[in-house]
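S.K.: Below is a structure I'd like to ask you about.
The values are calculated or read from the model by the stated rules, or taken from the named source; none is laboratory data. Treat the numbers as computed from the prediction; the structure is a model and nothing was measured. Cβ placement follows ideal geometry from the backbone for every residue including glycine, while neighbour counts extend to all protein chains displayed. Keep in mind that these areas ignore ligands, DNA and RNA; they rest on the heavy atoms of the full protein, side chains included. Shrake-Rupley method; radii C 1.70, N 1.55, O 1.52, S 1.80 Å.
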Amino acid sequence: MKRRRHRSGDAQAVVELHAELYGRERGYDDSFRAFVEDSVNGLVGRDDPREALWIVESGDRHLGSICLKKADESTAQLGLFLLHPDARGTGQGRRLLEEALRFGVEQGYRSVMLWTNSELVQARSLYASFGFERVEERVSFLSGREMTEERWERSLEAPIGGDSAFKPTASPDPSPAADPATETAMDTDTETFIYLIRHAELAYRHGEERSRGLTDAGRAEARRVADRLRSRPIRAVYSSPYERALQTVRPLAETLGIGVVELEPLRERAMADESAALSWAEVQEAMRRSFEQPELALPGGESLREAQRSVAATAASLLRAHPGESIALGTHGRIMAALLAHYDPSFGFDAWQSLSMPDVYRLTFRDGSFAGMERVWSEDAGGKQEPRR
């Protein structure tokens, strides 16, 4: 399997591979083929020396591609990044991305951007591990479907590869068409660890579920979490999009030299419509009843079973994306309890009440199957034994 610059005849092969994989794996229609065809033909037709298209091939088989083109004089844009299933998990994705970034530096671009979709967990993880940050999102329609597109950017003035200021992690090769529908099965004899991190002490303000952040004490505890976990071989950091969770894991990500990927399923479990303004006593009673009756939900809220289905599916996708690695997930008390109870049904109401802010549990998986969990945080390490919100 090798990489090379494109040559005559490659354009149609790039279009065909995109149409085939996106059609089979994601259900895209012929409008997507037309979009790719315009993009490829425009790139090849311009023949701009500051633009390039790379091909992955094995023998006479076309197995993938990536391109870098000019957005403006100082900004490059990545695109056409795709790998056939036979090329995934071989390291070709990382090599393609690094080669394209180095070319951008050589051509004098100061930054690079790309567009991806919010549902593409593996691709977003890889981009974050290469120093990209999400800067914009928009709702668009493609092949008759609504999706959330994200714009990611990074400077090309930062070092690429090997330097401590830029440390790409060993994420699996991404393929937008493959994520998450066609993630490959985990290798055998792998041990994977998930560090579940509950947010630190927050400044509670009703009605600001997404935006309320940490107190000064909470920010200090977030730094202690980073200090506690900095020696663990964590290769990727994911988080709830809620600010208190993000503020808790950002120091860890910064310490490790990687980005944070936001995932909506890691948000807090809604107990009821937010307008209901449940008292703490009512939240406790609702939690107690939900462990006894997992299908029970208050008006506008999620049942324990609904929350488990969502967060467990996300965890399963991440396990397939990171076989044999350690990852960290920044989240919240109720959804954290839902995931822990999914893997260990003995984790119930009393265990939820015992969670502190922050708190950290390590889940172990062997060959993709749950093998156990342990708490790696304690009150003597900091954190308040106060599960509110």
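S.K.: Considering region 1-18 alone, what residues qualify as being open to solvent by 60 Å² or more (accessible area, probe 1.4 Å) and touching a residue at least 60 places away in the same chain (Cβ under 8 Å)?
M.R.: Selection gives Met1, Arg3.
S.K.: Tell me, please, whether a residue that is modelled with pLDDT of 90 or more and open to solvent by 40 Å² or more (accessible area, probe 1.4 Å) can be found in region 75-90.
M.R.: Within region 75-90, the subset modelled with pLDDT of 90 or more is 75-84.
Narrowing further to those that are open to solvent by 40 Å² or more (accessible area, probe 1.4 Å): 77.
So far as region 75-90 goes, yes, one or more of its residues are modelled with pLDDT of 90 or more and open to solvent by 40 Å² or more (accessible area, probe 1.4 Å).
S.K.: OK, next. Consider Leu298 carefully, then state whether it is modelled with pLDDT under 95, out of contact with any helix residue (DSSP H, G or I) (no Cβ under 8 Å at 6 or more places or on another chain) and either part of a helix (DSSP H, G or I) or open to solvent by 50 Å² or more (accessible area, probe 1.4 Å) (or both). It would help to see each step written out before you state the result.
M.R.: On the way: modelled with pLDDT under 95: yes; out of contact with any helix residue (DSSP H, G or I) (no Cβ under 8 Å at 6 or more places or on another chain): no; either part of a helix (DSSP H, G or I) or open to solvent by 50 Å² or more (accessible area, probe 1.4 Å) (or both): yes.
So Leu298 fails the test.
S.K.: Pick from Glu150, Glu99, Glu136: which is under 25 Å from Ala321 (Cα atoms), in contact with a Lys or Arg (Cβ under 6 Å, 6 or more places away or on another chain), open to solvent by less than 70 Å² (accessible area, probe 1.4 Å) and of a type outside the set (Lys, Arg)? Break it down stepwise before answering.
M.R.: Working: Glu99 fails: in contact with a Lys or Arg (Cβ under 6 Å, 6 or more places away or on another chain); Glu136 fails: open to solvent by less than 70 Å² (accessible area, probe 1.4 Å).
Step by step, each of Glu150, Glu99, Glu136 is checked, and only Glu150 is under 25 Å from Ala321 (Cα atoms), in contact with a Lys or Arg (Cβ under 6 Å, 6 or more places away or on another chain), open to solvent by less than 70 Å² (accessible area, probe 1.4 Å) and of a type outside the set (Lys, Arg).
S.K.: Are there strands (runs of 3 or more DSSP E) fully within region 1-97 with at least 3 residues that are under 25 Å from the mean Cα position of the chain (by Cα)? List them.
M.R.: Numbers: elements: 2-5, 52-58, 61-72, 75-83.
The strands (runs of 3 or more DSSP E) meeting that bar are 61-72, 75-83.
S.K.: So Ser231 ticks every box in (1) at pLDDT below 90; (2) of a type in the set (Gly, Ala, Ser); (3) open to solvent by 40 Å² or more (accessible area, probe 1.4 Å); (4) closer than 27 Å to Phe365 by Cα but one. Which box is left unticked?
M.R.: Failing condition for Ser231: (1).
S.K.: To continue, here is another question. Among the candidates Glu282, Glu262, Glu274, single out the residue that is closer than 23 Å to Ser125 by Cα and open to solvent by 20 Å² or more (accessible area, probe 1.4 Å). Give the steps one after another, and end with the answer.
M.R.: On the way: Glu282 fails: closer than 23 Å to Ser125 by Cα; Glu274 fails: closer than 23 Å to Ser125 by Cα.
Just one listed residue meets the conditions, Glu262.
S.K.: When the residues of region 351-381 are narrowed to those that are assigned to a strand (DSSP E or B) and of a type in the set (Gly, Ala, Ser), which ends up most open to solvent (accessible area, probe 1.4 Å)? Walk me through how you get there before you give the answer.
M.R.: From region 351-381, those assigned to a strand (DSSP E or B) are 357, 359-366, 369-375; that's our starting set.
In the following step, the residues that additionally are of a type in the set (Gly, Ala, Ser) were identified as 369, 371-372.
Numbers: Ser369: 69, Ala371: 48, Gly372: 21 Å².
Selected residue: Ser369.
S.K.: Here's something else I'd like to know. Given Gly27, Gly64, Gly59, which one is buried (at least 21 other Cβ atoms within 10 Å of the Cβ) and of a type outside the set (A, V, I, L, M)?
M.R.: Numbers: Gly27 fails: buried (at least 21 other Cβ atoms within 10 Å of the Cβ); Gly59 fails: buried (at least 21 other Cβ atoms within 10 Å of the Cβ).
Answer to the selection: Gly64.
S.K.: Sticking with this structure for a sec: Ala316 versus (1) out of contact with any helix residue (DSSP H, G or I) (no Cβ under 8 Å at 6 or more places or on another chain); (2) modelled with pLDDT of 90 or more: which is the lone unmet condition?
M.R.: So Ala316 meets the others, but not (2).
S.K.: Okay, next question. Which numbered condition trips up Pro345, out of (1) in a loop (DSSP other than H, G, I, E, B); (2) over 26 Å from Val121 (Cβ atoms); (3) open to solvent by less than 30 Å² (accessible area, probe 1.4 Å); (4) of a type outside the set (A, V, I, L, M)?
M.R.: Just one mismatch for Pro345, condition (3).
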